[in-house]
Structures are given as structure tokens and as C-alpha cells.
Amino acid sequence: MSVLLHRVRPYGEGEPVDVLIEDGIITRIEADVDAPSAEVVDGGGAVLLPGFVDLHTHVREPGREDTETIETGSAAAARGGYTAIFAMANTSPVADSVVVTDHVWRRGREVGLVDIHPVGAVTVGLKGAALAEMGTMHAGDAGVRLFSDDGHCVADPLLMRRALEYAAGLGVVIAQHAEEPRLTENAVAHEGPTAARLGLAGWPRSAEEAIVARDAILARDAGARVHICHASTAGTVQLLDWAKKQGIAITAEVTPHHLFLDDSRLETYDAVNRVNPPLREASDVAALREALASGVVDCVATDHAPHAEQDKCCEFSQARPGMLGLETALSVVVASMVETGLLDWRGVARVMSERPAEIVGLTDQGRPIAVGEPGTVTVVDPDTRWTVAAEELASLSANTPFDALELPAVVTTTVLRGRVTHRRTTSEVS
Ligand code: DOR
């Protein structure tokens, strides 16, 4: 099986070339490749990037298949240009045992649109009381390499210390949802003038920053690797910078929504804007953009969090936190980072593919676009703008804050090991 990507520009650089992928491997990159038996994708001068890797996706299977399944989540991922995603553990049952993690892994392979790597829970049932069987999950078929109680913070410092010590021994990474729960009781919005005026209970920046600082120090002493989920404040950026300068093995992600939206969105009380951590202030957005450009924040991760209509179409304080992200991530990153001159296409490849793959040690993702490398790539039309239509997304849910918004850049084709997993038809571009 072979695929010919006709007239594409790797990393958006130079004249268009033809890229031939045979048996999953890039075999030729030349001005003009003649491959009569290949499936031809006409790039028309589009940008070619390594396939995107998402370290933070909620696929909701098992347990909430009314909001997303491994099948619909995979389709959404492929449409967003993703070739690997990490499925968070806050399912029902929780992915705190090898039975669940291997199930998610096997279902992902059966669907076959994207590599789905299950994230294992750090604590049993995400309850923060006893460590889950991390070693058993790591030794299973899925070879779990990322552990997180995301949705909940591993708040107990002793338990976090033990988790980091085990993780160091296993060579795996702990991803922390940094939220000191005593500081966020009943909180639904960023603590600041907007929430105060709207009468919404506030979540202070310090709830995130206190845990980031603590866990940097715990990781240092355990010789472990810690990854900070959805960094959202300017203070977190300063702490990451400090910790990295000490040589601490800390990495961090930022979501597209925290790069693009701020708490002025709350004025309408529309619960589509409720998310954990909350949308912050414009100054935080600016600091996060700078940090992603400079590498202090390593990568973009979606925190794709599908929710049912009844869980979003209700009072702000009753709504579940979370937003869709997979199908809009690239466009939001282009709007906030490329159109602002903070990143070029090489930079997009770094933050959406290469760095996330490195953080979790995926050796076949985030690879250079070169002969002999995996044919796992994404084609992006940088010049077409599109209008997001929530009900047309592949996701089973519709809770996107970007609905009806016009965004730049369209993922036209996604290829996983030489197999086309998504191809956008022109009618889909409005
Ligand atoms: O907004 C969020 N939603 N943040 C999280 O950490 C969890 C997620 C979810 O599972 O819905």
C-alpha cells in the first residue's frame, strides 16, 4: 500500500515536493515522483507536518459512551491531525488497573484511526488515598507510560512523593492536575474582578502554583519526571522556568483554550466556558503564549473533554467543567501562535508533535519528515479559513467554545503509518 502526497511543503518551507510513503515508511521526497499505483493526495502546496500527539484527551469510554467513545474520539482526533492520543484515566470504571488500560489500548487498535495510549491512574479510583498498581499497568500490553489522576489533583504530598519514587523506578511520567483542593472548594471560575462581579466563586492562581512548586521539589528529590497538565497562570510559567533552570525534570502542557480565551468570556454565564483550570486573565494568556514560544511550556495538549448537553446546558455552577479540543486545536494554535508571529511551522511541529512524543518516549511519532522515517504525517492548508459548527464535529458531544467562530488553517489529510485516516472533502470547508 502506498500513498503519494503531491505538492506539499514539509514544515511549510521551500518549494512544494512529492512525498511517497510505501509500507508505512517515507521512501522518496523529490520534486516530482511518479507512482502510478499509489493513492494520490493533492496537497496544492499545503504544509506537511509530523502527525500531532495529544498527551491529554478524555475519550469517556468506558462509562460515558453517550458523550464520546473510542471510535468517535478517534475520528475526532484524525480530523484534528492527530496520530497518537493519550486517553485520560477518569473513566468509569477508572483506568486504575491493567484490565481497563489494556481494554482501552485494544479498542484503540481495533478502531485503528489513531494510536490510543491509555493513561493509568496514580491512585485507586482517583481517590487520592492509595497508589494504583502502576507497575502492572506498565507491564501490560498497553505498556502504560503516563500516569495521572487528571480531573483530580494528587493532593497528599506523601502519596505524591511515593508515586514519583515508583515512577522514577519504572521510568514513567506522572502528569499532575495541579489544584490544591482546599483552595478551590466550590470554585467555578478564575478568582478575579470578573468572577467577583458576576458572583461566581473564585479559583485562585495560587491553587495551581502551590502544587506546581511543591511537585517540582518532590520530583527533584525523587529523581523523577513530573509533567504539569494544563498550565494556566503566569506564576506557573515563572515556576516552570525556575525549576527547569535548577535541572529538575519537569515538563508542562498548555491547552489551546488557555492560549486563546480569557475570563471575559464568562460575561454571558454560558457554561460552555466552564473548564478546569478556569479561563484566566489576558495577562496569563500572554504569558502562556510567550512560554510556549520559548519552550518554558513544552507542548500543546487539548484536554478534549466531551460533555452531554444536560451537563452543560444548565446553571454555570452546576455545569461540568471541560471543552472539546481535538478538531479545533491546530486552528486555535495557528490563530494564537502563528498569526501573532510567535511560532513558525517548525515551531508548530515542535509543540504539537515532537515534544509531546519525546516527553512520553514514543519512538515512532513526532519523527522528522525524511526518507526512512514513519509515514505518520498531517497535511495543513494554511490559507483556508473555516467556521466551526459544533454539531458537525466528529465528536459525539458539542461543547466547543469555538462554535460559529471563523478560524484559520484546515487539516486536510492525516496519515498514520502510510494509511490515510482522514481526508477532508471541499464541502466540509465552509
Ligand atoms: O475541565 C476539565 N474537564 N478539566 C479536567 O481536569 C477534567 C476534565 C473532564 O474530565 O471533564
Restricting attention to region 140-149, which residues are in contact with a strand residue (DSSP E or B) (Cβ under 8 Å, 6 or more places away or on another chain) and either within 14 Å of the ligand (Cβ to nearest atom) or small (Gly, Ala, Ser) (or both)?
ALA142, SER148, ASP149
Taking only region 394-430 into account, find how many residues are part of a strand (DSSP E or B) and either at pLDDT below 95 or basic (Lys, Arg) (or both).
2
Tally, over region 361-383, of residues that are part of a loop (DSSP other than H, G, I, E, B) and surrounded by 23 or more Cβ atoms within 10 Å (Cβ to Cβ)
4
Examine region 296-304 for a residue that is out of contact with any Ser or Thr (no Cβ under 6 Å at 6 or more places or on another chain), buried (at least 16 other Cβ atoms within 10 Å of the Cβ), more than 18 Å from SER148 (Cβ to Cβ) and modelled with pLDDT of 95 or more, and state whether such a residue exists.
yes
Looking at region 269-284, which of its residues are among the aliphatic types (A, V, I, L, M) and within 15 Å of the ligand (Cβ to nearest atom)?
ALA271, VAL272, VAL275, LEU279
Starting from residues that are among the charged types (D, E, K, R) and either in a loop (DSSP other than H, G, I, E, B) or under 21 Å from GLU290 (Cα atoms) (or both), keep the ones in region 311-341 and report whichever is nearest to the ligand (Cβ to nearest atom).
ARG320
Return the only residue of ASP115, ASP23 being surrounded by fewer than 18 Cβ atoms within 10 Å (Cβ to Cβ) and in contact (Cβ under 8 Å) with a residue 24 or more places away in the chain.
ASP23
Which one of the conditions (1) over 24 Å from ALA252 (Cβ atoms); (2) within 16 Å of the ligand (Cβ to nearest atom) does PRO118 fail to meet, given that it meets all the rest?
(1)
Taking the criterion of being assigned to a helix (DSSP H, G or I), of a type in the set (A, V, I, L, M), without any contact (Cβ under 8 Å) to a residue 40 or more places away in the chain and over 17 Å from ASP303 (Cα atoms), would at least one residue in region 135-157 satisfy it?
no
Extreme residue, farthest from THR236 (Cα to Cα), among residues of region 183-209 that are free of Cβ contacts under 8 Å to residues at least 24 places away in the same chain and part of a helix (DSSP H, G or I):
ARG197
Among all residue pairs at least 6 apart or on different chains, which show Cβ distances below 9 Å where the first residue, located in region 246-271, is farther than 13 Å from HIS230 by Cβ and the second is surrounded by fewer than 17 Cβ atoms within 10 Å (Cβ to Cβ) and aromatic (Phe, Trp, Tyr)?
ILE248/TRP242
In region 150-185, which residues are away from the ligand (no atom under 16 Å from the Cβ) and on the phi > 0 side of the Ramachandran plot?
GLY171
Residue under question is ALA357, and the condition is that it be at pLDDT 95 or above and either within 16 Å of the ligand (Cβ to nearest atom) or under 19 Å from THR57 (Cα atoms) (or both); does it hold?
yes
Some residue of region 264-272 being more than 16 Å from ALA329 (Cα to Cα), surrounded by fewer than 21 Cβ atoms within 10 Å (Cβ to Cβ) and basic (Lys, Arg):
yes
Give the residues of region 239-263 that are charged (D, E, K, R) and within 14 Å of the ligand (Cβ to nearest atom), sorted by residue number.
GLU253
So how many residues does region 210-243 have that are outside any helix (DSSP H, G or I) and within 19 Å of ASP149 (Cα to Cα)?
9
Consider LEU266 against the criteria (1) part of a helix (DSSP H, G or I); (2) away from the ligand (no atom under 16 Å from the Cβ): it satisfies all of them except one. Which criterion is unmet?
(2)
Going by the conditions given, is ALA195 touching a Cys at 6+ places or on another chain (Cβ under 8 Å) and small (Gly, Ala, Ser)?
no
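The values are calculated or read from the model by the stated rules, or taken from the named source; none is laboratory data. Just so we're clear, the structure is a prediction, and the values are computed from it rather than from any experiment. Heads up, the Cβs are rebuilt from the backbone with ideal geometry, glycines too, and the neighbour counts pull from every protein chain shown.
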